[in-house]
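Colleague: Here it is, the structure in full.
The values are calculated or read from the model by the stated rules, or taken from the named source; none is laboratory data. What you see is a predicted model, and the numbers here were worked out from it, not measured in a lab. Every residue, glycine as well, gets a Cβ built from its backbone with ideal geometry; the counts of neighbours run over all protein chains shown.
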Amino acid sequence: MEWTERAIKLYLDDQLLNEVDLSETLNPDGFNPFRQPHYLLLNLAIGGNGGDPSASIFPGEYLVDYVRVYQKEK
């Protein structure tokens, strides 16, 4: 994902899959949610979308080796 002041572009193996022009992402009140600070949230959702986790064996393990975020030099 490449997120700039003008657009968000999604790539897979260097091939552009989708691009969103951020000038078109305004809420009805004129607020642009993509022009504010953001953070990453890693979540292990259990039982979502009607799933039944009762047959699961707990405790489980949710391992994340690393998360990388890059910022281009200006």
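Colleague: From the list Pro53, Pro28, Pro33, Pro37, pick out the single residue that is out of contact with any strand residue (DSSP E or B) (no Cβ under 6 Å at 6 or more places or on another chain), within 25 Å of Glu73 (Cβ to Cβ) and free of Cβ contacts under 8 Å to residues at least 12 places away in the same chain.
Modeller: Pro37
Colleague: For segment 45-74: of the residues being within 22 Å of the chain's Cα centre (by Cα) and surrounded by 10 or more Cβ atoms within 10 Å (Cβ to Cβ), which is farthest from Glu2 (Cα to Cα)?
Modeller: For segment 45-74, the residue satisfying everything is Gly47.
Colleague: Go through segment 46-60 residue by residue and tally those that are among the aliphatic types (A, V, I, L, M) and either in a loop (DSSP other than H, G, I, E, B) or modelled with pLDDT under 75 (or both).
Modeller: Going through segment 46-60, the residues among the aliphatic types (A, V, I, L, M) turn out to be 46, 55, 57.
Okay, now just the ones that are also either in a loop (DSSP other than H, G, I, E, B) or modelled with pLDDT under 75 (or both), so 46, 57.
Of the residues in that region, 2 qualify.
Colleague: Filter segment 8-44 down to residues that are surrounded by 10 or more Cβ atoms within 10 Å (Cβ to Cβ) and part of a loop (DSSP other than H, G, I, E, B) and give me whichever is modelled with the lowest pLDDT.
Modeller: Arg35
Colleague: Let me ask something additional. All but one of (1) among the aromatic types (Phe, Trp, Tyr); (2) more than 21 Å from Tyr66 (Cβ to Cβ); (3) out of contact with any helix residue (DSSP H, G or I) (no Cβ under 7 Å at 6 or more places or on another chain) hold for Phe34; which doesn't?
Modeller: (3)
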